[in-house]
Amino acid sequence: LKMSWFYLPLHLLMAACLCHSIKAPSTSSQQSFKTDLFNFYHSLILADGKETTVHLLKDIPKRYYFVLEEGRALAPFTITVTPCDVPIEWSILVHKASASFLGKAARGDHDTQEVSKAQTAPSMVSTIFNYKGNSVETYMGMSSHSALYMLEFLSTERDTHITVYLTTDTTSGHLYPELPMDPRIDVIGIGHTTVTLTWKHSPSALQHRENIQYCLLVNEKHNYKSLCAAETAIRSSGMKLPPTLALSLSPYLLEPQQVMILSNSELSIINKASSGEVRQICMGTKNTYTVPSLSPSTQYYFDVFVVNLLTNASAAYTGTFARTLEEPEPKVMDLKDGKVIQVVLDGKKQKFYSLQYQARHKKIQFTFQLCRGQVRVHITKNGKTVALENISGLRYFLLKGKLLDTYLVQLRSTEESNSSVKVQVSPHFHKPLFPLLPESLKIKSFSKLRTCNSVTIAWLGTQEESKYCVYKKRIEEDQVWMELQSVDRCSGPESRHKSEKVLCKYFYDINLQRAVTTETIKGLDAGTLYLFDVYLFGPSGIPVRYHSKVVKTRKKC
């Protein structure tokens, strides 16, 4: 550090004193100079007891000053500097001058005798501390005399910002939460998709439990040495963060690329960015946490911050990292001719469910009946794709090949909720599992035929004589969406209450244009919603459920 950087502001102050003792060209110009100097001087004074954000331009040093007052024996002070991005250089220099004189110089209420003393006094400037890096660093000092202190900050890599906290009151508690003697984070459990962490309690959390909470940050890049460094990195990836790790708990602060989850008194915010996912969880004063929903065989970095909710100040534990376990090879289930299996697919984990079949015939048929959700089907024959699509309702795949060809079926839910599907494979000439289906499985209702106690519905049939059973269920207005979304399209009448059964009938028509049947359901209540279902039974006895229909009877007739 060049000493001239330090002397310049002092010389300006001295010049202000000299200008006051020499007759100026005019009163107005003299007053203007003193006002400019006063504003300049006070813009560099570092606030006591307050965290100050300092913006640094590359290769341009920035200086702040503070004065320890006269008359205070052994005045203690602490300075904490938190880099929020790249490493910086910073130093503390002290000039042992009269603090009362410096204050008068800034105000312009000095006399010529004080100026002469200041000019003839030997220069006593010394560097008492310097640091280079990106860690949070605290200097604790004690002064037994009046002195002017200067802090100089320099960034040589790029424009950045830091926070600086100065306090001369060491008896009124800490702005920053305290870290334990051992600030390490311990990894006590690793799974395929989870990592369990624990850390020692902050003394601040034990003393002021209602004002302190722990926040965990999870990412795949590296650890962060401070909370503002983490926030800066996330913003630079194209995201905006709620202040101090979203402590405000306000959903409207979230950006479109953020997802907030609040459950069991834990706030979890997931930031989606092109560079990866950054997850933040604030869990109150719990000091053990299992991070869920991680990817297998992936290295993650974990940082814990203890945060003072009253001041938003934070302290960082020593970060750690862990690699989740490799995902085990998915089990492959063998399919047997004509046997039906039902598969439940986990939508959250998005895992493939694999089925294998070795052909005993040249022509085979795969049958899929979607029970719930949405499912993607991928069929390969000897490693080559022969079918790939999202299925709905009932779907057949007729495939040709050679004897002993190996077919692999992979199923995956395309929704976040669970999905389920029934699967059967059989030779082409095998007795069909499902009945012959009509062109549409929709149920139609006739608005003009509705009365206060009856409704008329219709549905399509086929050229094959089959059995159709009608069921009804009374529901409320707020139940409609849930009833339609949660329906299991593979379940049969055995899952229904006996009181819900309306009738069963057989019908068919060789002419598909006339293969339509209607039914009037009577004995209903006025102004009431009803859910109607029709089940079609084929030769095998396995039912196919038509799409549910909600109809409301007339309120007045």
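Listed values, structure above:
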read-out	value
Reach of K132 by Cα under 27 Å, taken over lysines that are not fewer than 8 positions away in the same chain	K2, K50, K58, K62, K96, K221, K225
Gain upon complete extension [E476, D334; 0.36 nm per residue less C-alpha separation]	46.7 nm
Karplus-derived HN-Hα couplings along region 362-377 (A = 6.51, B = -1.76, C = 1.60, θ = phi - 60°), whole Hz, x at Gly and Pro	6, 10, 9, 10, 9, 10, 10, 10, 6, 8, 7, x, 10, 10, 9, 10
Cβ-Cβ FRET estimate between A458 and S499, R0 fixed at 25 Å, reported to 0.05	0.60
For region 175-188, Karplus couplings with θ = phi - 60° (6.51, -1.76, 1.60), whole Hz, Gly/Pro x	5, 8, x, 7, 9, x, 4, 10, x, 7, 9, 9, 8, 10
Using θ = phi - 60° and Karplus 6.51 cos²θ - 1.76 cosθ + 1.60, couplings along region 161-168 (whole Hz; Gly, Pro as x)	9, 9, 10, 10, 10, 10, 9, 10
5 angstrom amide H check on T462, placed H, neighbours 5+ away	D509
Efficiency of FRET between T198 and E220 - r from beta-carbon atoms, R0 25 angstrom, step 0.05	0.70
Computed E for R158/E137 - FRET, C-beta separation, R0 22 angstrom, nearest 0.05	0.65
Extended-chain gain in nm, criterion 0.36 nm per residue less alpha-carbon gap, T518 and T285	77.5 nm
Packing rank of 518-530, 474-486, 205-217, 84-96, where each peptide gets the mean count of other beta carbons within 10 Å, highest leading	84-96, 205-217, 518-530, 474-486
Placed amide H near G338: partners under 5 Å, 5+ positions off or other chain	V425, S426
Rounded percent of accessible protein surface that carbon and sulfur make up, region 332-426, 1.4 Å probe	47
Given charges at Cβ of Lys, Arg, Asp, Glu: region 332-426 dipole, positive-most of H361, C371, Y396	H361
Zone of D525's modelled label, taken as backbone nitrogen in region 470-504 under 16 Å from a point 7 Å along Cα→Cβ	472-480, 499-500
Between region 381-431 and region 347-363, the Cα center-to-center distance that results, in Å	7
Gyration tensor verdict on region 443-552 (Cα atoms; rounded if a/c is under 1.5, prolate if a/b is larger than b/c, oblate otherwise)	oblate
Inter-label distance for I510 and L403, nm, one decimal - labels placed 7 Å from Cα along Cα-to-Cβ	4.1
Across K467/K501; K339/K498; K473/K505; K339/K505; K339/K384; K339/K442, pairs whose alpha-carbon gap is larger than 21 Å	K339/K498; K339/K505; K339/K384; K339/K442
Gyration tensor (alpha-carbon) shape descriptor, region 332-426, a/c threshold 1.5	prolate
Interchain or long-range residues, amide H under 5 Å from V377's placed H	E389, N390, I391
Options C452, T518, Q410, ranked by Cα towards positive dipole end of region 403-557, top entry (Cβ charges)	C452
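The values are calculated or read from the model by the stated rules, or taken from the named source; none is laboratory data. In this text the structure is predicted, and so the values were computed from the model without any measurement. Every residue, glycine as well, gets a Cβ built from its backbone with ideal geometry; the counts of neighbours run over all protein chains shown. To get the accessible areas, we keep the full protein, side chains included, count just its heavy atoms, and leave off ligands, DNA and RNA. Shrake-Rupley method; radii C 1.70, N 1.55, O 1.52, S 1.80 Å.
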